[in-house]
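**Student:** Here it is: the structure, laid out below.
Laboratory data are not the source of any read-out in this text; all were calculated from the coordinates shown. Just so it is clear, the model here is predicted, and its values are computed rather than measured. Positions of Cβ are backbone-derived with ideal geometry, glycine not excepted, and every protein chain shown enters the neighbour counts.
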Protein chains: 2
Amino acid sequence: MLDRRQLEALAAVAEHGSFGAAARTLSLTLAAVSLRIKALEQHLGRRLLVRGKQVRPTPAGEALLSHAKQVRLMEADLLAGLQGGTAAGSRWQALSVAINADSAAAWFIPGVAALAARHRLLLEIVIDDQDHTHDALKRGEVIGCVSTLATPLRGCLAEPLGVMRYRCMATPEVARRCQGPGGRVSPHRLLAQPAVIFNRKDALQDAFLAQHFGLHQPHYPRHFAPAVDAFETAIEQGLGWGMVPELHLAQRPGRPALQELLPGATVDVLLYWHHWEREPPSAQRLTQAVRRAAGQALAPAGAGTAAALP
Amino acid sequence: MLDRRQLEALAAVAEHGSFGAAARTLSLTLAAVSLRIKALEQHLGRRLLVRGKQVRPTPAGEALLSHAKQVRLMEADLLAGLQGGTAAGSRWQALSVAINADSAAAWFIPGVAALAARHRLLLEIVIDDQDHTHDALKRGEVIGCVSTLATPLRGCLAEPLGVMRYRCMATPEVARRCQGPGGRVSPHRLLAQPAVIFNRKDALQDAFLAQHFGLHQPHYPRHFAPAVDAFETAIEQGLGWGMVPELHLAQRPGRPALQELLPGATVDVLLYWHHWEREPPSAQRLTQAVRRAAGQALAPAGAGTAAALP
């Protein structure tokens, strides 16, 4: 078996991006950290780190770190089992998961909080777009991710979780400016008002314009606000119109009133939970909690749009 | 003067990361985009893009893009001036700014929304840690940034904006578990409860433990929730204790009750607005709005901690 101390040194350097920071975290000298990693590289006959201003793992280093993470998870489960079936007396155990921004606070954290407290799990949430998320799952940096992609990675499963439903919202004042004579939203006026967009990969506004107005690749002014609270505050402050998850609309007591621009015109996005096919027990429990939380919060899986989303 | 169409092609490729996406945005053929960029590279005698799966600007390309952005901004101001002193009839104008996550929704967007509507400014908000933020300012990708760093970059000013004050918050249940006999928070019990941390660069929890308990580099379990809504939801759901900005505490009507762990024990962080020394008028107006909004929302600049923060 590989040497635990050498693997820990590798993980610390990869996590902190430098030998110095890793040495401080491990309470070792710089030379000791460097020696452990050189020994591991000689043992495996492969470079594991790319030295530079920011030290990064090589592909071989990444594979090793992913392996070490899975082994640690299995060991933690084994120890919890040996200590009498519950995790009550055991140490905290970290589980990394990647979640889209709109899901994290709205249903994921409330859905898994009780499990985390009961089993002493520490959640390391990664919020990123799904392209990066899938890379993170492939590299073993996360044990699961919420994504709109339906195709599972090799060695993983992709379970449909349900539909996140978005509605086009604005302040009453912005809504009024989008209306033509007769109070109906006119596409021309709508496109003259800025949209609030999460980031350049956020395709929900385009999906709304295509699905409900037949507009493809329209030009319109855009604000970018790449954080959930900033995004919704920008709409509340009248900067523009934007696609807000129905779930968030139900969770904003005391916030300024927003109006639906085109009542009933939703954009539905089907979400999937991607996770390893062979999961250690703690990851299995997390998968069950995710399934349960999504089942309660999301609409049943219908024919959702596969649009990239926040 | 440089050719406008060539610069636009460069900007589009750099923004979208590919020639194909740039061609679609500009409604040009791939060959036309490629030709324009080659012509620009030959004219300047420098490579401007690194070709690859994700096309990126070279340092020379970045310098050119930054120049083009400043020229566009100056032109837009010039045109607005020629059209009679107001921007009412003019086109929308994009201003990129980098803001720390805790400031964006809490005071920045409400503080600049009216200005943006009046002068037809489109806000491109970048939310990132301050290391990246300063690079973005240096490259001219943003025209200003909010940061805790006091030293201005070359050609820039750093104005103190005021103090963001953080308090250590938890659910009543988590707070109870941190208390020893007599109801006082015991450092030992506190460190046995997980903290909720924004990301690995978030130093506020460490600053709190150092300033109020004299604990340096303590070990304690951590959850990571790198988004404001996810961070505060994790605390509300009882996952652990964490440092919440006073400003956010005042803006959460209808949310679950949180309790201050050590009443009065704040961590104060002094924020600065970094901006170009020679600003075009639209950027000057933004700087004035930022100054005014911070003056109203933040505590007066005292002796803040220079801790990295969300």
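**Student:** Hey, got the average number of other protein chain Cβ atoms within 10 angstrom for residues in B:208-216?
**Tutor:** Mean partner-chain Cβ count within 10 Å for B:208-216: 0.
**Student:** Sticking with this one: For segment A:145-299, what number results from the quotient of the Cα radius of gyration and 2.2 N^0.38 Å?
**Tutor:** 1.20
**Student:** Taking a label point 7 Å from the Cα of A:Thr29 along the Cα→Cβ vector, which residues of segment A:37-60 have an amide N closer than 16 Å to it?
**Tutor:** The answer is A:37-38.
**Student:** Can you give the Rg/Rh ratio of the protein assembly as shown, where Rg is from the C-alpha atoms and Rh is the Kirkwood radius?
**Tutor:** Across the protein assembly as shown, the Cα-based Rg/Rh ratio is 0.96.
**Student:** May I pose another question? Give me Rg/Rg_expected for chain B, where Rg uses Cα atoms only and Rg_expected = 2.2 N^0.38 Å with N residues.
**Tutor:** For chain B, the normalised Cα radius of gyration comes out at 1.19.
**Student:** Using a label point 7 angstrom from Cα along Cα-to-C-beta, what distances in nm, from shortest up, separate B:Ala250 from the other copies?
**Tutor:** Once sorted, the set of distances for B:Ala250 reads 3.2 nm.
**Student:** At A:Lys201 and B:Ala299, where each label point lies 7 Å from the Cα along Cα→Cβ, what is the point-to-point distance in nanometres?
**Tutor:** That separation, rounded to one decimal, is 3.8 nm.
**Student:** Can you give me the C-alpha center-to-center distance between segment B:1-74 and segment A:200-259, rounded to a whole angstrom?
**Tutor:** After rounding, the separation between the Cα centres reads 30 Å.
**Student:** Here's another thing I want to ask about it. Among A:Thr266, A:Pro221, A:Val185, whose Cα projects farthest towards the positive end of the dipole of the protein assembly as shown, with charges put on the beta-carbon of Lys, Arg (+1) and Asp, Glu (-1)?
**Tutor:** A:Pro221
**Student:** Could you size up the charge dipole of segment A:1-88 around its Cα centre, putting +1 on the beta carbon of Lys and Arg and -1 on that of Asp and Glu, and report it in debye to the nearest 20?
**Tutor:** So the magnitude is around 400 debye.
**Student:** Further question: Could you give me the percent of Cα pairs per 10 Å distance bin for segment A:1-88, shortest bin first, beginning at zero and ending with the bin that holds the maximum distance?
**Tutor:** 17, 45, 24, 12, 1
**Student:** So how far, in whole Å, is the C-alpha centre of segment A:106-159 from the one of segment B:160-196?
**Tutor:** Each part reduced to its Cα centre gives a spacing of 28 Å.
**Student:** Averaged over peptide B:254-260, how many Cβ atoms belonging to another chain are found within 10 Å of each residue's Cβ?
**Tutor:** Values: counts 5, 4, 0, 0, 0, 0, 0.
Shielding by partners across B:254-260 averages 1.
**Student:** When only C-alpha pairs under 8 Å and at least 6 residues apart count, what is the relative contact order of segment B:164-269, in percent?
**Tutor:** RCO, segment B:164-269: 48 percent.
**Student:** Which whole number gives the average count of other chain Cβ atoms within 10 Å of the Cβ atoms across peptide A:230-243?
**Tutor:** 5
**Student:** With a point put 7 Å past each Cα toward its Cβ, work out how far A:Arg4 is from B:Thr58 in nm, to one decimal.
**Tutor:** Label-label distance for A:Arg4 and B:Thr58, simple model: 5.1 nm.
**Student:** A follow-up question, please. Under unit Cβ charges (Lys, Arg +1; Asp, Glu -1), what dipole magnitude, rounded to 20 debye, does the protein assembly as shown have relative to its Cα centre?
**Tutor:** So the magnitude is around 720 debye.
**Student:** Follow-up question, since we're still on this one. Any idea which of A:Met1, A:Leu49, A:Gly61 is furthest toward the positive side of the dipole for segment A:1-88, if Lys and Arg beta-carbons carry +1 and Asp and Glu beta-carbons -1?
**Tutor:** About the Cα centre, the residue reaching furthest to the positive side is A:Leu49.
**Student:** Shifting gears a bit: Under a plain spin-label model, where a point goes 7 Å from the Cα along Cα-to-Cβ, how far apart in nm are B:Ala114 and B:Gln211?
**Tutor:** Distance between the two pseudo-spin positions: 3.2 nm.
**Student:** Taking each label point as 7 Å beyond Cα in the direction of the beta carbon, state the distances from B:Lys138 to the same residue in the other copies, shortest first, in nm.
**Tutor:** 3.1
**Student:** A follow-up question, please. With respect to the cross-link table entries A:Lys38/A:Lys138; B:Lys38/B:Lys69; A:Lys201/B:Lys138; A:Lys69/A:Lys201; A:Lys53/B:Lys138, which display a Cα-Cα separation exceeding 22 Å?
**Tutor:** Check vs 22 Å cut-off fails for A:Lys38/A:Lys138; A:Lys201/B:Lys138; A:Lys69/A:Lys201.
**Student:** Could you compute the longest span of chain B free of trypsin sites (Lys or Arg not before Pro) located in DSSP loops and having at most 14 other Cβ atoms within 10 Å, not counting the site residues?
**Tutor:** In short, B:202-277.
**Student:** Moving to a separate point now. Normalised by the residues of chain A, what does the relative contact order come to in percent, with Cα pairs under 8 Å and at least six apart?
**Tutor:** Relative contact order of chain A: 22 percent.
**Student:** Counting Lys and Arg as +1 and Asp and Glu as -1, what is the net charge of the other residues whose Cβ lies under 11 Å from the Cβ of A:Arg222? Mind dumping the intermediate values first?
**Tutor:** On the way: positive: A:Arg200; negative: A:Asp202, A:Asp206, B:Glu124.
Around A:Arg222, the surrounding residues sum to -2.
**Student:** How far apart are the A:Arg291 label points across copies, placing each 7 Å from Cα toward Cβ, in nm, shortest first?
**Tutor:** Taking the point 7 Å beyond Cα along Cα→Cβ, the inter-copy spacings are 6.0 nm.
**Student:** Work out the length of the dipole vector of segment A:92-310 about its Cα centre, built from +1 on the beta-carbon of each Lys and Arg and -1 on the beta-carbon of each Asp and Glu, and round it to the nearest 20 debye.
**Tutor:** 280 debye
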